Amino acid sequence: MKVAASGALTPVTSQNIGFQKGAKLVELMIKVGDTVTPGQILAREDDYIFRQTLNQQSALLAQQQAQLDRLIAGVTVPNGKDALDAAERFYNKTKKAVDEQVSLAHFNEKVARTKYEEDLKTFRQARAAYDACRSTMPLPTCTGGEEATYKAARTTAITSRTAYKTAQHNSNIAEANGDVTKANANTLLVNARNGLRTARSDRPGSIDVQAALVQSARAAVALAQNDVNNTILRAPVGGTVSAITGTVGEYLGAGAGTTALSPGSDAAIPGVGAAASSDAAGNAASGLSATRPGGGAFIVLNNLNTFQVVVPFEESDASKVSPNQKVEVNFDAVPDLERDGTVLSVAPTGVNISGVTNYYATVLLTESDPRLHAGQTAEVSVATQAVDNVLLVPNAAVLKDGGQTFVNVPGPDGNPVRTPFQPGIVGDGSTQVLSGLREGQVIQLPQVNAPPAQPSGTIGGG
């Protein structure tokens, strides 16, 4: 029993390659049909923009590295220490000067108070003498020395009192101003201490943050360098160039050509033969497309030493196909050539082709031929079941009715008589007979718009 379908030859391996980023193509070293080796240079893009980007990223890396070196050198903490030492010296000098000024003000106040107390005592004594004189002697008699002494002592006491009050006021002002001056100096000292403490505590974190920025800048440089390197396209594997899309002077886009792989291999599903008539909407839903070889790829490399056939089977036939089944392969372009093959794999997901669900299968040829080329249409016949020494009847003679299977055999009068039999394996052209018929028995084929049926076949062995 066999199932057949047509597909297309494709190399066992096929790969789309292109530039990582788009730019102007400035050099192309290969032609379609050339054989290339792994690592061989195939083409080159203009790298001016990519090199400028690399220079910019390198400059940014140098800037970030310099900042990191400065943090590691640790100038912030020594500067903080110097600032604290200066603030402490300033505070000590300010405190000493303020204390001296306040002490002097207090001393002047004390001196003024002592003099005022002495002058007040003298004034009181002079006033007492003057009052006594006036009470014991006639008025004209006390207008001499007692009165003058009294008036002089009074003036001196008033002056001393004013001087004392002034000194007392100056002492209070000196204390208030001294407190403000010392507070300002102490604020500078506290700020210097806090600055040093912050520098000491923030330094490890600042270094870690800057080190991360350096790593980020270094990664950007590596990416920019990779972009420069990728302006030279090299062959990732050896093979034959089967397609080139682009010429020198044209601007190429970033390589986006991807390959829909055939079941069980690294080769693409070709867009010729039966696959070429596939329904685009159905294929899109399945993630496959029937396009020209290479699709949107810049260059396509194939391994042409070994071929396989990628075949879409209708769902009724695909259920009978499984890996390792034997296959006969014929080629439209080489009618006299037949090659054996083996089913490699069957796709688990169907594809809509002309409104019918199909499943791609990959058939690996066991031997090649110089006349075979990628894309040629091939007819494959898969032996799904095989039995030997059995009775067979043509499928065209088999009738089914009510769950039973019949054939027409000529009766005594020549008219067809339905004869039931038990069928076995059903092939493309014949059905196995398990019981109900015998070898050599004549059967009749159904006739449409024809004279009465005549014997037209016999049951044969196979």
* **Residue match in region 406-414 (condition: crowded, with 18+ Cβ neighbours inside 10 Å, at pLDDT below 90 and among the β-branched types (Val, Ile, Thr))** => no
* Look through region 4-24, keep the residues that are over 24 Å from the mean Cα position of the chain (by Cα) and crowded, with 21+ Cβ neighbours inside 10 Å, and return whichever of them is farthest from Thr247 (Cα to Cα). => Ala5
* **Number of the condition not met by Ala183 [criteria: (1) in a helix (DSSP H, G or I); (2) open to solvent by less than 30 Å² (accessible area, probe 1.4 Å)]** => (2)
* Residue list for region 207-235, restricted to those being loosely packed, with under 15 Cβ neighbours inside 10 Å and hydroxyl-bearing (Ser, Thr, Tyr) -> Ser216
* To do: Return yes when Gly238 is free of Cβ contacts under 8 Å to residues at least 12 places away in the same chain, open to solvent by less than 40 Å² (accessible area, probe 1.4 Å), more than 26 Å from Phe50 (Cα to Cα) and more than 19 Å from the chain's Cα centre (by Cα) and no when it is not.
  => no
* region 357-375, residues that are open to solvent by 40 Å² or more (accessible area, probe 1.4 Å) and either over 14 Å from Ser319 (Cβ atoms) or touching a Ser or Thr at 6+ places or on another chain (Cβ under 9 Å) (or both) -> Tyr359, Leu364, Thr366, Glu367, Ser368, Pro370, Arg371, His373, Ala374
* To do: Select from region 359-372 the residues that are assigned to a strand (DSSP E or B) and more than 36 Å from the chain's Cα centre (by Cα) and write down the one among them that is modelled with the highest pLDDT.
  => Val363
* To do: For residues that are among the hydroxyl-bearing types (Ser, Thr, Tyr) and within 15 Å of Ala176 (Cα to Cα), scanning just region 90-115, find the one that is surrounded by the fewest Cβ atoms within 10 Å (Cβ to Cβ).
  => Ser103
* **Selection status of Leu61, within 28 Å of Ala211 (Cα to Cα) and surrounded by 13 or more Cβ atoms within 10 Å (Cβ to Cβ)** => yes
* To do: May I ask you to list pairs of residues, at least six apart or on different chains, whose Cβ atoms are under 6 Å apart, with the first in region 30-41 being under 10 Å from Val241 (Cβ atoms) and the second being β-branched (Val, Ile, Thr) and surrounded by 12 or more Cβ atoms within 10 Å (Cβ to Cβ)?
  => Ile30/Val241; Val32/Val241; Val32/Ile244; Asp34/Val241; Thr35/Thr240
* To do: Examine region 114-135 for a residue that is out of contact with any Cys (no Cβ under 9 Å at 6 or more places or on another chain), closer than 21 Å to Glu175 by Cα and assigned to a helix (DSSP H, G or I), and state whether such a residue exists.
  => yes
* Search region 415-429 for residues being in contact with a Pro (Cβ under 9 Å, 6 or more places away or on another chain) and in a strand (DSSP E or B), and hand back the single one that is surrounded by the most Cβ atoms within 10 Å (Cβ to Cβ). => Pro416
* Is it true that some residue in region 326-334 is among the polar types (S, T, N, Q), touching a residue at least 24 places away in the same chain (Cβ under 8 Å) and buried (at least 20 other Cβ atoms within 10 Å of the Cβ)? -> no
* Structure fact -> From the option list Gln67, Gln125, single residue qualifying as touching a residue at least 12 places away in the same chain (Cβ under 8 Å), more than 44 Å from the chain's Cα centre (by Cα) and open to solvent by 60 Å² or more (accessible area, probe 1.4 Å) is Gln125
* List every residue pair whose Cβ atoms sit under 8 Å apart, with the two residues 6 or more apart in sequence or on different chains, where the first one lies in region 43-61 and is more than 30 Å from Val300 (Cβ to Cβ) and among the polar types (S, T, N, Q) and the second, anywhere, is open to solvent by 50 Å² or more (accessible area, probe 1.4 Å) and part of a helix (DSSP H, G or I). => Gln57/Leu223
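The values are calculated or read from the model by the stated rules, or taken from the named source; none is laboratory data. Since the model is a prediction, treat every value here as computed from it, not as a measurement. Every residue, glycine as well, gets a Cβ built from its backbone with ideal geometry; the counts of neighbours run over all protein chains shown. What goes into the accessible areas is simple: the full protein's heavy atoms, side chains included, and nothing from ligands, DNA or RNA. Shrake-Rupley method; radii C 1.70, N 1.55, O 1.52, S 1.80 Å.
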